Amino acid sequence: MIDLPDFSVTELAVPLFIAAILAEMTWARLRRQSAYEPKDTLVSLGFGLGSTVAGALFGGFFLAIFIAAYDYRLFDISENWWDPIWAWPVVFVLDDLKYYWVHRAGHRIRWFWAAHVNHHSSQHYNLSTALRQSWTGSFTLGFVFALPLVLIGFHPGMIAVCGGINLVYQFWIHTEAIGKMPRWFEAVMNTPSHHRVHHATNPRYLDRNYAGVFIIWDRMFGTFEAEQDDEPIRYGIIKQLGSFNLLWAVFHEWIGMLSDIARVPWRHKLSYLLREPGWTHDGSRETSDMIRARWRKRTGQSAQNPVADRNSIESPNEAA
């Protein structure tokens, strides 16, 4: 019988989440009232509650898979989830690298995007936005990205704790109340500035900064983009929801994807499942790469020399 931690890192952090949101609401009331919109915040809270229920329903199933896979591990790194001490920083970094790739898949494969789009559906950027976690993430089977860590020999309990810490870390970066951090911190860690870029719909920012804790992965794999002080960020998704209906917010992309698959010829159906969001066989919509390429051509900017005429940037919502 595998010994597992009898606590959840995210559940322990809930009082901190509540206190921080209340503090940010106070800041917004005094400094930036547009940061919060009551109906939008209620939708975010609904997402948080629903994702907690979904986690309770499906979490045990995936944990059972991890426990079964642990019997086939290559190395005996640990017998207990809390030991050895040296394994913690190693598995934490590897788990964050795993997060980078599963997050990147969440933006580049429509099957994964159908669940992840929930997190980007708000046109506001505040701490309550961090609660917009997917109800349907379990259906994507994204847990397979963590299986290599189990098979290497890291205890499932250790991986679960690291994943919880990673998620808690990401909570505080969903804010406009904090500007840029010291340069050394911005160079290594994910920050509010970096993550604001990730939630932006500006063409230059689309599908950038996938990091969880360490921004170094984006720098290494060519997906990093710095926040520009003179380019206001527009939040949300390319085709905004236009509604505060919670169920529509949760399922709209699944409905759109299945509708596309149902109406296109058989030879294209799998592509609508596995290609990037916005891809169409007839070119009637645009992917993030297409939007960015058109913006670069219009502004005379290149990937190698990102110097733009920022006064001529168009809205991707008009472009799509």
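None of Val168, Val161, Val150 is more than 12 Å from the chain's Cα centre (by Cα) and more than 26 Å from Phe17 (Cα to Cα) except Val150. Looking at segment 206-213, can you tell me whether even one residue there is open to solvent by 60 Å² or more (accessible area, probe 1.4 Å) and not polar (S, T, N, Q)? No, every residue in segment 206-213 fails to be open to solvent by 60 Å² or more (accessible area, probe 1.4 Å) and not polar (S, T, N, Q). Hey, does segment 138-146 have a residue that's surrounded by fewer than 22 Cβ atoms within 10 Å (Cβ to Cβ) and touching a residue at least 60 places away in the same chain (Cβ under 8 Å)? Yes; the residues of segment 138-146 include at least one that is surrounded by fewer than 22 Cβ atoms within 10 Å (Cβ to Cβ) and touching a residue at least 60 places away in the same chain (Cβ under 8 Å). Against the list (1) in a helix (DSSP H, G or I); (2) of a type in the set (A, V, I, L, M); (3) farther than 15 Å from Ala160 by Cα; (4) in contact (Cβ under 8 Å) with a residue 12 or more places away in the chain, the condition Ile77 fails is (1). Within the bounds of segment 266-285, is there any residue that is more than 17 Å from the chain's Cα centre (by Cα), at pLDDT 95 or above and under 30 Å from Glu186 (Cα atoms)? No - not one qualifying residue is present in segment 266-285. Close Cβ contacts (under 9 Å, 6 or more residues apart or on different chains) running from residues in segment 183-210 that are over 29 Å from Arg298 (Cβ atoms) and touching a residue at least 24 places away in the same chain (Cβ under 8 Å) to residues that are assigned to a helix (DSSP H, G or I) and open to solvent by 20 Å² or more (accessible area, probe 1.4 Å) comprise Ala187/Ile216; Ala187/Arg219; Val188/Ile216; Met189/Tyr169; Met189/Ile216; Asn190/Tyr169; Thr191/Phe185. Applying the criterion of being closer than 22 Å to Arg108 by Cα and at pLDDT 50 or above to the residues of segment 294-320, the residue that is surrounded by the most Cβ atoms within 10 Å (Cβ to Cβ) is Trp295. Residue pairs, Cβ under 7 Å, 6 or more apart or interchain, first in segment 280-297 and over 23 Å from Glu225 (Cβ atoms), second surrounded by 14 or more Cβ atoms within 10 Å (Cβ to Cβ). List them. Within 7 Å, the pairs are His281/Val264; His281/His268; His281/Ser271. If you go through segment 86-128 and pick out every residue that is open to solvent by 10 Å² or more (accessible area, probe 1.4 Å), of a type in the set (Val, Ile, Thr) and either part of a helix (DSSP H, G or I) or at pLDDT below 95 (or both), you end up with 3. Only one of the listed residues (Ile291, Ile261, Ile233) is in contact with a helix residue (DSSP H, G or I) (Cβ under 7 Å, 6 or more places away or on another chain) and either assigned to a loop (DSSP other than H, G, I, E, B) or modelled with pLDDT under 95 (or both). That residue is Ile233.
Here Ala68 meets the list (1) under 30 Å from Thr26 (Cα atoms); (2) in a helix (DSSP H, G or I) almost entirely, failing just condition (1).
Among the residues of segment 1-15, those identified as free of Cβ contacts under 8 Å to residues at least 40 places away in the same chain and not in a loop (DSSP other than H, G, I, E, B) are Glu11, Leu12, Val14, Pro15. Somewhere in segment 43-52, is a residue among the polar types (S, T, N, Q) and open to solvent by 50 Å² or more (accessible area, probe 1.4 Å)? Yes. With respect to the conditions (1) in a helix (DSSP H, G or I); (2) modelled with pLDDT of 95 or more; (3) open to solvent by 30 Å² or more (accessible area, probe 1.4 Å), Lys180 lacks only one, and its number is (1).
Residue-wise test of (1) closer than 22 Å to Ala249 by Cα; (2) exposed (fewer than 11 other Cβ atoms within 10 Å of the Cβ).
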| residue | (1), (2) |
| --- | --- |
| Val9 | no, no |
| Leu12 | no, no |
| Pro15 | no, yes |
| Ile18 | no, no |
| Ala23 | no, no |
| Arg29 | no, no |
| Ala56 | yes, yes |
| Gly59 | no, no |
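The values are calculated or read from the model by the stated rules, or taken from the named source; none is laboratory data. If you're wondering where the values come from, they're calculated on a predicted model, not measured in any experiment. Heads up, the Cβs are rebuilt from the backbone with ideal geometry, glycines too, and the neighbour counts pull from every protein chain shown. Ligands, DNA and RNA are excluded from the accessible area calculation, which covers all protein heavy atoms including side chains. Shrake-Rupley method; radii C 1.70, N 1.55, O 1.52, S 1.80 Å.
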